[in-house]
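Okay, so here's the structure we're looking at.
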Amino acid sequence: MNLEVFVLGCGGMMPLPNRHLTSVLVRREGELFLFDGGEGTQVSLRKLNLRWKKISAIFVSHTHADHVTGLPGILMLSSQVDRDDPLYIYGPPKIAEYIETSRRVLDMYINYEIVVKEITEPGVVHSGDGFKVRAFPLRHTKTCVGYALEEDPRPGEFFPTKAADLGVPRGPLWSVLQAGNPVTLDDGRRVESREVMGPERSGRKFSFVTDSLYSPEISKEVADSDLLICEGMFERELLESAVEKKHMTAEQAAMVARDAGGVKKLGLIHYSPRYTESNLKGLLKEAQEVFPDTVLTKDRMVFPIQYQD
């Protein structure tokens with residue numbers, strides 16, 4: 001099953017010619033999930049040839065303009081295609097007011113159901129076949145949440161030789177065992193799934209953190225992420241400014257990844273517009289000193305997430 005992460009925009013505060021505002025899209029098989037929708041989201045969707053009508057849920061971190069100004073266009077765009085399934089939108093308080101006001105003031109034509117759910121406490125906010133999306137609190141100048149998309153554990157490896165040695169004939173009974181269920185043989189013997197299966201294997205995990213004061217608590221939420229996309233807005237020498245504005249430095253983002261345990265890769269995002277493409281390397285250097293498996297995300301960068309075993 002494919003799991004891919006597309007960075008649609010990596011900038012913070014204001015769009016730049018080659019840097020749209022923060023937006024990340026996750027594709028799991030044919031289903032799409034959008035995390036924030038800053039200005040320029042539609043442009044990257046088009047350039048990547050992603051089918052926006054497959055977006056089933058949008059997860060908003062907070063209602064500052066650089067994270068939501070791309071959403072009205074997405075909502076109107078989705079009315080240009082046949083859509084039977086509802087679009088779910090999750091976010092902290094005021095996201096419902098923002099969506100409703102945008103629809104009313106812009107006199108949007110919407111021909112599908114929009115379900116807005118405001119997050120008032122941490123926990124699972126959305127789930128589907130084999131996965132869930134969990135929200136957790138961040139500390140910003142207004143209510144803000146981070147998200148983790150977590151797949152359910154997978155069954156262990158099936159060992160055909162063990163099944164054959166136990167007398168289980170090849171065919172439908174093997175499938176029953178692989179599904180975790182016992183089988184009864186013609187001679188009356190019962191074979192348990194655990195006798196022919198290896199230990200349970202973990203699913204994959206993607207975490208999204210942006211616009212937050214650094215806190216060790218974040219590490220607990222993003223532990224074991226195959227990919228953590230985390231804001232690294234400022235360099236180390238601007239730590240005082242980061243604290244004042246309740247943002248993180250690139251070094252602090254790396255501290256989150258390092259201390260979480262099990263994070264495979266960190267992608268920095270939400271850069272201050274003060275940094276040109278060339279001097280973003282300074283942010284990367286400071287982060288890699290703490291967490292070597294760090295990359296600078298760029299608009300339209302793609303991260304395939306593979307199973308680890």
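The values are calculated or read from the model by the stated rules, or taken from the named source; none is laboratory data. All of these numbers come straight from a predicted model, not from anything done at the bench. Cβ: placed from backbone, ideal geometry, glycine included. Neighbour counts: every protein chain shown. Side chains are part of the model used for accessible areas, which takes the heavy atoms of the whole protein and leaves out ligands, DNA and RNA. Shrake-Rupley method; radii C 1.70, N 1.55, O 1.52, S 1.80 Å.
Among His64, His20, which is open to solvent by 40 Å² or more (accessible area, probe 1.4 Å) and in contact (Cβ under 8 Å) with a residue 12 or more places away in the chain?
Working: His20 fails: open to solvent by 40 Å² or more (accessible area, probe 1.4 Å).
Being open to solvent by 40 Å² or more (accessible area, probe 1.4 Å) and in contact (Cβ under 8 Å) with a residue 12 or more places away in the chain holds for just one of His64, His20, which is His64.
Working only within segment 180-230, note down all residues that are closer than 30 Å to Val24 by Cβ, among the charged types (D, E, K, R) and either open to solvent by 30 Å² or more (accessible area, probe 1.4 Å) or in contact with a Cys (Cβ under 7 Å, 6 or more places away or on another chain) (or both). First the steps, then the outcome.
Start the filter on segment 180-230 by keeping residues that are closer than 30 Å to Val24 by Cβ, which leaves 200-230.
Narrowing the set further to residues that are among the charged types (D, E, K, R) leaves 200-201, 204-205, 211, 217, 220-221, 224, 226.
Listed by number, the residues that qualify are Glu200, Arg201, Asp211, Glu217, Lys220, Glu221, Asp224.
Which residues, counting only those in segment 99-153, are crowded, with 18+ Cβ neighbours inside 10 Å, of a type outside the set (Asp, Glu) and closer than 21 Å to Arg201 by Cα?
Phe131, Val133, Arg134, Ala148, Leu149
Restricting segment 294-309 to residues that are under 14 Å from Lys264 (Cα atoms) and exposed (fewer than 13 other Cβ atoms within 10 Å of the Cβ), which is modelled with the highest pLDDT? Working first, answer last.
Step one: of segment 294-309, the residues under 14 Å from Lys264 (Cα atoms) are 294-295, 303-309.
Filter once more, so that each one left must be exposed (fewer than 13 other Cβ atoms within 10 Å of the Cβ): 304, 306, 308-309.
Numbers: Pro304: 97, Gln306: 93, Gln308: 82, Asp309: 73.
Residue satisfying both the conditions and the ranking: Pro304.
Inside segment 196-309, counting only helices (runs of 4 or more DSSP H) that do not spill past its ends, which hold 2 or more residues that are among the β-branched types (Val, Ile, Thr)? Please lay out each step first, then the result.
Numbers: elements: 216-222, 239-245, 250-260, 280-288.
Helices (runs of 4 or more DSSP H) meeting the threshold: 216-222.
Only residues in segment 70-86 that are under 13 Å from Asp107 (Cα atoms) count as the first member; pair them with residues that are part of a helix (DSSP H, G or I) and open to solvent by less than 30 Å² (accessible area, probe 1.4 Å), Cβ under 7 angstrom, at least 6 apart or cross-chain, and list the lot.
Listed by first residue and then by second, the contacts come to Pro72/Ser102.
If we scan segment 165-179, do we find a residue that is open to solvent by 10 Å² or more (accessible area, probe 1.4 Å), in a strand (DSSP E or B) and either out of contact with any helix residue (DSSP H, G or I) (no Cβ under 9 Å at 6 or more places or on another chain) or not small (Gly, Ala, Ser) (or both)?
No, segment 165-179 contains no residue that is open to solvent by 10 Å² or more (accessible area, probe 1.4 Å), in a strand (DSSP E or B) and either out of contact with any helix residue (DSSP H, G or I) (no Cβ under 9 Å at 6 or more places or on another chain) or not small (Gly, Ala, Ser) (or both).
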